[in-house]
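Participant: First the structure, then my questions, so here it is.
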Amino acid sequence: MQQDKTWGNRIFDFVNHGLLLLIGIVTVIPFIYILAVSFTSPHEVAKGGFILFPKEFSLAAYRYIFSTDTLIRSLGVSIYITVVGTLINLLFTSLMAYPLSRKYLRGRQPILLGVLFTMLFSGGMIPTYFVVKSLHLTDTLWSLMLPTAISAFNLIVLKNFFQAIPDELEDAAKIDGCNDVSVLFRIVLPLSMPAMATFSLFYAVAHWNSFFSAVIYINDSEKWPVQVWLREIVILAQSRIGDTSIEETEIQPLTIRMAVIVFSTIPIMLVYPFLQKHFAKGVMLGSVKG
């Protein structure tokens, strides 16, 4: 039978739950504010103030951003970059992590040291740009995916995950006639689905939120992802701050900005719950064992 809690335990639980509730409220309030402003009428937004619930409900901002095909086109570009880029990341990372996880690989340690070196030092923005330009990748979507094909941190963690798989499984597969490529795709990767799901979300979120690479490498506005378009709207809204000539009935830049934030956040939020449960299992197995 469970013993009754002492007054000290009750006070601790009360304070602990109160702090967690307070932290949760502080974390959620910005999201509520963004959602509320996006559905608030321009007249109410023009009055200023902090809005948590729209008194005058309006879809004017969403009608404005959907008035042209710019948003849909940029959203399609972002989805393409996220899906194809994540597949490239997983493929390249797996192809490099698997041989590095085999202790019999010659030159394994120098290669690992080289990978670790890139975690501390990088070539920089200008040398990277010249590499992309020399490969004729500028103004193409490949420039947003190939330069970041492998993350050094994810590579090390995935290497440790592969290294934890028993060698007996690889030996048995090779006795049955499998080569190294077959072992990777038919034995190792199916056993590494938690880790692959974790890194797929890591890579997907990075691709979805990236905008700086597109600003540097993409000149054609039709190839801009949705995050770059969001950046343009933010710059436009900031340039109009203090303009007293704006009528209250006009579309407010703030509502447009919030509507684009909501729209650009929804797709990645829909994916996150399906892969979030793999975070702890995938990352901890790859980092603790080695």
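Participant: Please indicate, with yes or no, whether at least one residue in segment 61-69 is part of a helix (DSSP H, G or I) and in contact with a Pro (Cβ under 9 Å, 6 or more places away or on another chain).
Facilitator: yes
Participant: Mind counting the residues in segment 188-209 that are buried (at least 17 other Cβ atoms within 10 Å of the Cβ) and either among the aromatic types (Phe, Trp, Tyr) or modelled with pLDDT under 85 (or both)?
Facilitator: Summing the residues that are buried (at least 17 other Cβ atoms within 10 Å of the Cβ) and either among the aromatic types (Phe, Trp, Tyr) or modelled with pLDDT under 85 (or both) in segment 188-209 gives 10.
Participant: Considering only residues that are of a type outside the set (A, V, I, L, M, F, W, C) and open to solvent by 70 Å² or more (accessible area, probe 1.4 Å), which ones fall in segment 110-119?
Facilitator: Those that are of a type outside the set (A, V, I, L, M, F, W, C) and open to solvent by 70 Å² or more (accessible area, probe 1.4 Å): PRO110, THR118.
To keep it simple, each residue is scored yes or no on (1) farther than 29 Å from ILE216 by Cα; (2) surrounded by fewer than 17 Cβ atoms within 10 Å (Cβ to Cβ); (3) in contact with a Ser or Thr (Cβ under 7 Å, 6 or more places away or on another chain).
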residue: MET96; (1), (2), (3): no, no, no
residue: SER101; (1), (2), (3): yes, no, no
residue: PHE121; (1), (2), (3): no, yes, no
residue: THR140; (1), (2), (3): no, yes, no
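Participant: Could you tell me which of the residues ILE23, ILE72, ILE11 is without any contact (Cβ under 8 Å) to a residue 12 or more places away in the chain, surrounded by 11 or more Cβ atoms within 10 Å (Cβ to Cβ), under 26 Å from the mean Cα position of the chain (by Cα) and in a helix (DSSP H, G or I)?
Facilitator: Exactly one residue qualifies, and that residue is ILE72.
Participant: Determine whether ILE81 is under 23 Å from ARG186 (Cα atoms), assigned to a helix (DSSP H, G or I) and at pLDDT 90 or above.
Facilitator: In short, no.
Participant: Only one residue in SER182, SER200 is in a helix (DSSP H, G or I), polar (S, T, N, Q) and within 22 Å of the chain's Cα centre (by Cα), so which one is that?
Facilitator: SER200
Participant: When segment 39-80 is examined, which residues are found to be under 30 Å from ILE218 (Cα atoms) and touching a Ser or Thr at 6+ places or on another chain (Cβ under 8 Å)?
Facilitator: Passing the criteria: ALA61, TYR62, LEU75, SER78.
Participant: Among the residues of segment 27-60, write down those that are outside any loop (DSSP other than H, G, I, E, B) and open to solvent by 90 Å² or more (accessible area, probe 1.4 Å).
Facilitator: The answer is PHE31, PHE57.
The values are calculated or read from the model by the stated rules, or taken from the named source; none is laboratory data. Only a predicted model underlies this, so the values are computations on that prediction, with no experimental measurement involved. Here Cβ is always computed from backbone atoms with ideal geometry, including for glycine, and neighbour counts include all displayed protein chains. We work out accessible area using only protein heavy atoms, side chains counted, and drop any ligands, DNA or RNA first. Shrake-Rupley method; radii C 1.70, N 1.55, O 1.52, S 1.80 Å.
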